[in-house]
Amino acid sequence: MLELFAIPLVKIVVLIGALMTVTAYLVLLERKMAAWVQDRRGPDRVGVPLTKIRLFGLGQPLADGLKFLFKEEFTPRHVEPLLYTLAPVVTLASALAIYAVIPMGDTLPLKIGASGANLSMVVAPGCDVGLLYIFALSSIAVYGVILGGWASNDKYSFLGGLRTSAQMVAYELPLGLGILGVVLVSGSLDLGKIIHQQADSGLWFAFTQPLGLVVFVVAAFAEAARLPFDLPECEQELVGGYHTEYSGMRLITFLIAEFMHMVTVSFLIVILFFGGWHFWGLTGSGPVESWGQGILRIGVLMAKVFGVILFFMMVRWSWPRFRFDQLMSLAWKVMLPQGLLNLALMAVLCEPFIAERIGSRHWGVFLLISWAVALLAWLVTALVQPSGPENSPQRVEPSI
Amino acid sequence: MRTDDPSIRWIEEPSLGLSGRMFLPLFVQGLTTTARHLFSPKVTVSFPEERPKVDNPLIYRGVHRLNRDAEGRVKCVACFLCATACPAHCIDIVGTESPWPDREKYPASFTIDELRCIYCGMCEEACPVDAIELTSLLDLTGRSREEMIFDKEKLLSVYDQTKDTEPMPSARLGGTL
Amino acid sequence: MALIFVASCRMCLVESGRKDPQTGKVTMLPKLVPACQTPATDGTVFITDSDKVRQSRAMVEEDLLIDHPIDCPICDKAGECRLQDYHFQHGQRERRADIRPFTSRRRPLGDTVTLFVDRCVMCSRCVRFTREITGTNELYVTGRGSAEEIDVLPGFPLENRMSGNVVDLCPVGALGDKDFLYRQRVWFMKSHNGVCAGCSTGCSVNVDVNQDHVYRLRPRENPHVNQWWMCDEGRYGFHHVHSPNRLAGPHRREQEAFVPADWTKLPAELDAKLRAAGRVAGVFSPHMTVEAAYLWATYLRDVDPQARLVLGPVPVEGEDEQFKNGFTIRAEKCPNRRGVEEVIAHFAGRVEAMAELLADSELSLGAIWFGGGYKHDWIDTDTAERLAAAAPLLIVQDLFDSPLMQRATYQLPAAAFAERDGSYVNHADRLQSFAWAIRPPLGVREEASLAWLLLGRRGLFQSREVLDEIAREIMFFHAAAGGVPDVGVDLKVNRLAAEPIEQTARTV
């Protein structure tokens, strides 16, 4: 009983609490980063409430949350009330539920229950279909968007919802293809096993599958609706998007979910391609033996994830947004073929190099081939350049 | 505009080189720029603690003042030129016959809605007697809209407050009054 | 006839010459001649835009400005000043004469006009006006050469009843209207065509307004009515429009006290009360527009087919005063007696005067409606008492409080002349239409638009539409069909054949 219910429950509570707090502070970090990149200082006023202590603006997330909490939760008359309320819930629920299979580290040597095993840092440890579960839930997130746009019963929301769902559906394909290479090589859908595989060989998949990494990262940006693919909510050019009609807590639910998507894909990038909690000569690769080792593995994972999140935030201010047709042509004409190529390459190389027949002695050859193919594929794509349709104004010779 | 209009100057879009087509070098370039700015000195002025630097208070466009002449009377002759020039229509003047023999007309009331004002300085430009000026006072606050509608006395008091730090340029420029 | 030409300002100097009819040779005069005073005959040649002419104009303009103070910013004429315009056209880049003080000497010429001595360019228009138009001769030119000044003789100020016109005549800002002086800059104001409601002459005027405030009235040229002039009484007679004593908002009597009523519900309430009242009488003020009178008469006859339609008291003060040029200030101090009379006559067959109503010893009615409003006191307490006793329902729409208003069941505020849309018919049966120049104050509803509502017509009150209807219905107004020009239409044109020659002859 303890193992079945109590421990997961404690894990869930701790996880959700930590996630929400971290998300709030990541929003603050995002704002700070935005300010720093633009040579500003960012929010630095809000500190301890009711005092003049400022704490570099660390009270800002609290203030933001309170602001949303006290805002009028306005329901326009023309919406479909049930779906309108359901949409943000669906989005947030699916975003949170993904964390059930994401490892927050390896294990801790804390023996609870009859099995005497270490305490796993996953809510649902040993989930064999972890990746499938993640994909299923991230597809459900699209429903939240569609419902939000549709139930708002407003053309802007509707178009925003269409736009978003089109983008999400399009990029789910390269996302899957990027992962398939990893799955093929590691032979498992369990995220914990994928990490262990990388730790054992010491060769992260980022090095062995550069093409897969690029495809996955680009698709991850698009799935998380981050710049340069944030068409779902490009406030400047198009009206807000699917959440135009939302306000107050419902709006912030959408926004948190969206932000959490970014954290999720950061975790996935680290786990699938950057060895998870593994770091050479620091964490070891076997089972956890001491508290120090367990905590170190958590720390390494978190540091990596933080690094990826910082990268996300930097990219936001480095690149302008794609146009929608460019976005689509990138998905279908660039990412899809490259993902397929990566899959095929892994399928070919998997047998002779990975399946312990040739062994790790020839990993140099393996690396060489995969990097050469990746570069070649990238070069060919660049030369063929299947960009968006030519729609710039064309010169017309003046008629006489 | 029609595309065959002869006045259009057509520019060919420069074609991307291989590095541009490869995306990645440009991507790194963008990231480098962002990273450089991440650590470059910040320009934000933390306002209440830190005052913004006013380079030349004589040309700064802050709160208005109504200047006084040598005898301490309001300089304004109620010509309405500032009200005419004002793009925000924030100046309201009631002109009347002046009580002084050397002047025909003076403002019985002169109000500026500081909330409506866009601080463009056109009133200062328009004034033929250098009576209205924009000072370098920049932290204008109030608790009500009524409080932000400055009448003649208040505008004159702004002059009394700032006349030492910001002398009227008219004497130097050879003003007419 | 306007003023005679004296060619005093010399701004219109042109080259002139003669063409020999035999040889075709043109001989030019060496000297420039003033265009305003030089008659063109057969064979005369004029050159109006040569270098010589332009140079001469620039010189004349500079000369006019030698004594002129540079005080355009505080001069009330700025913006409509001819001299200012000429300066922009011909002015030198710099003033070669000494820069004189910013101010101009000034002295009052009378109760209405102030003279700014240094601004004067000695065109003598004002002097000619008092000699030729009013014939009162108050103004004269004193001094000689550069010391010339306009002045009045001591003890004989400018106080004729048309004195305000000299301000309009003055091409520069030398003559200031005391009523308008320093009040508003001319470029802020919009001019609306209006008709003066001061007397039955019905002068065409420009109503100069800014932000729903009338600042001045100026005569508008109308050769059939007032030529270029208007009297002071009319010119300064608009102040009642902005009087703080004007009634604001409708009121209903409830147990000896008046409580505010709501315009949105009032028309239905009035309609119900009037229809339940039985015999109804309507008293039409001669200040009403033709359209309002017609709509109200239609409505009252609809409520009670036997409704008594009465012409309200016609205010008369003193005698008609005629000036030297024929301009007449009428004693009848209302703009539209003729129009209201004709409307009443159309509905009732004859015009019943207020006196007849009062003379009726057994006066007993269900309701009396008073409309149109008066500028001044128009009813005494006894009359008001008697009328109030005669009818239980008394609806009074007026501008100001009066003994009758105190006894009313419903107090309705009326619109002033500048707030109305409609037409007036003057003493000589000339109909002039005008549109509103300012919006009525909050809570005030124009008589015509109230009647429009009571009649259940659709949309907003359209004076033009109503006038077309009147022109169709009433023979007298037939000439007004199909549009009224700015100078108005003479309603008598239709009756030329029907009337004796000697009566029609004086109408031109």
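The values are calculated or read from the model by the stated rules, or taken from the named source; none is laboratory data. Please read all numbers here as calculations on a predicted model, not as lab measurements. Quick reminder, even Gly has a Cβ in these numbers, built from the backbone with ideal geometry, and neighbours come from all protein chains shown. Side chains included, ligands, DNA and RNA excluded: accessible areas come from the protein's heavy atoms. Shrake-Rupley method; radii C 1.70, N 1.55, O 1.52, S 1.80 Å.
Values for this structure:
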| read-out | value |
| --- | --- |
| Kirkwood hydrodynamic radius of region C:236-280, Cα pairs, Å | 13.1 |
| Cα shape, region C:278-335, gyration tensor, a/c 1.5 rule | prolate |
| For A:Leu231, solvent-accessible area (1.4 Å; no DNA, RNA or ligand), Å² | 10 |
| In sequence order, calculated HN-Hα J values of region C:76-87 (Karplus, 6.51, -1.76, 1.60; Hz; x Gly/Pro) | 5, 7, 3, x, 10, 8, 5, 5, 4, 4, 4, 5 |
| Rounded FRET efficiency, nearest 0.05, which uses the C-beta distance separating B:Thr96 from C:Ala97 and R0 of 25 Å | 0.20 |
| Solvent-accessible area of B:Thr111 with every protein chain in place, 1.4 Å probe, in Å² to the nearest 10 | 30 |
| For C:Leu266, net neighbour charge (Lys/Arg +1, Asp/Glu -1) across residues whose Cβ lies under 13 Å away | +1 |
| Violating pairs (Cα-Cα greater than 20 angstrom) within the set B:Lys75/B:Lys152; C:Lys178/C:Lys324; A:Lys193/A:Lys304; B:Lys152/C:Lys190; A:Lys11/A:Lys32; C:Lys178/C:Lys333 | C:Lys178/C:Lys324; B:Lys152/C:Lys190; A:Lys11/A:Lys32; C:Lys178/C:Lys333 |
| Largest to smallest accessible area among A:Arg323, C:Arg218 [probe 1.4 Å] | A:Arg323, C:Arg218 |
| Cα shape, chain A, gyration tensor, a/c 1.5 rule | oblate |
| Bins of 10 Å, starting at 0 and running to the largest distance - Cα pair percent for region C:155-309 | 9, 26, 26, 20, 14, 5, 0 |
| Share, in percent, of DSSP beta bridges within region C:251-507 that are antiparallel, nearest 5 | 45 |
| Region A:93-157: equivalent-ellipsoid semi-axes (sqrt of 5 x gyration tensor eigenvalues, Cα, Å) | 37, 10, 8 |
| Dipole of the protein assembly as shown, positive end: most advanced residue of C:Asn206, A:Leu96, C:Trp452 [Cβ charges, Cα centre] | A:Leu96 |
| Antiparallel bridge percentage (DSSP; both residues within the protein assembly as shown; nearest 5) | 75 |
| Estimated [θ] at 222 nm from DSSP helical runs (n ≥ 4, -39500 (n - 2.57)) normalised by residues in chain A, nearest 500 | -20000 deg cm²/dmol |
| Calculated FRET efficiency for the pair A:Lys155/B:Phe39, C-beta based, R₀ 30 Å, to 0.05 | 0.10 |
| Low-density loop positions, GluC sites (Glu not before Pro), region C:307-368 - DSSP coil, at most 14 other Cβ in 10 Å | C:Glu317, C:Glu319, C:Glu362 |
| Three semi-axes of the equivalent ellipsoid, chain C, Cα gyration tensor, whole Å, largest first | 52, 26, 20 |
| Net charge, C:Val310 excluded, C-beta distance under 15 Å - Lys, Arg +1, Asp, Glu -1 | 0 |
| Total formal charge among the other residues, if their Cβ is under 10 angstrom from that of A:Ser152, Lys/Arg +1 and Asp/Glu -1 | -2 |
| Interface residues in region A:318-352 - accessible area drops by 50 Å² or more relative to the isolated chain, probe 1.4 Å | A:Ser318, A:Trp319 |
| Listed residues A:Leu180, C:Ala248, B:Leu115: farthest to the positive end of the dipole of the protein assembly as shown (Cβ charges) | A:Leu180 |
| Set of aspartates and glutamates with alpha-carbon distance to C:Lys52 below 12 Å, sequence-local pairs under 8 removed | C:Glu15 |
| Beta bridges per DSSP with both ends in region C:311-428, % antiparallel, nearest 5 | 25 |
| Point-charge dipole on Cβ atoms (K/R +1, D/E -1) for region A:277-377, about Cα centre, debye to 20 | 340 |
| Alpha-carbon radius of gyration plus Dmax, which is the widest Cα pair, for the protein assembly as shown in Å | 44.8, 140 |
| Cα convex hull of region C:251-507 - mean projected area over all directions, nm² | 15.1 |
| Cross-link partners of C:Lys492 among aspartates and glutamates (Cα-Cα below 14 Å; sequence separation of 8 or more within a chain) | C:Glu342, C:Asp429, C:Glu502 |
| Gyration tensor verdict on region C:245-317 (Cα atoms; rounded if a/c is under 1.5, prolate if a/b is larger than b/c, oblate otherwise) | oblate |
| Rounded to the nearest 20 debye, dipole of the protein assembly as shown from Cβ charges on Lys, Arg, Asp, Glu | 2480 |
| Share of carbon and sulfur in the accessible heavy-atom surface of region C:251-507 [1.4 Å probe, %] | 50 |
| Accessible solvent surface per residue of chain A, calculated while the other protein chains remain in place, 1.4 angstrom probe, Å² | 47 |
| Exposed GluC sites (Glu not before Pro) absent: longest stretch of chain B, with sites in DSSP loops and at most 16 other Cβ within 10 Å deemed exposed | B:72-177 |
| Eligible lysines near C:Lys273 by straight Cα distance, threshold 27 Å, same-chain separation 8 or greater | C:Lys265 |
| In Hz, Karplus ³J(HN,Hα) per residue of region A:33-42 (6.51, -1.76, 1.60; θ = phi - 60°; x = Gly, Pro) | 4, 4, 5, 4, 4, 8, 6, 9, 9, x |
| Calculated Rg and Dmax of region A:261-336 using C-alpha coordinates, Å | 16.9, 53 |
| Ellipticity estimate at 222 nm from DSSP helix runs (n ≥ 4, -39,500 (n - 2.57)) divided over chain B, nearest 500 | -7000 deg cm²/dmol |
| Crossing angle, helix B:24-39 versus chain B [Cα axis fit, 0-90 degrees, rounded to tens] | 40 |
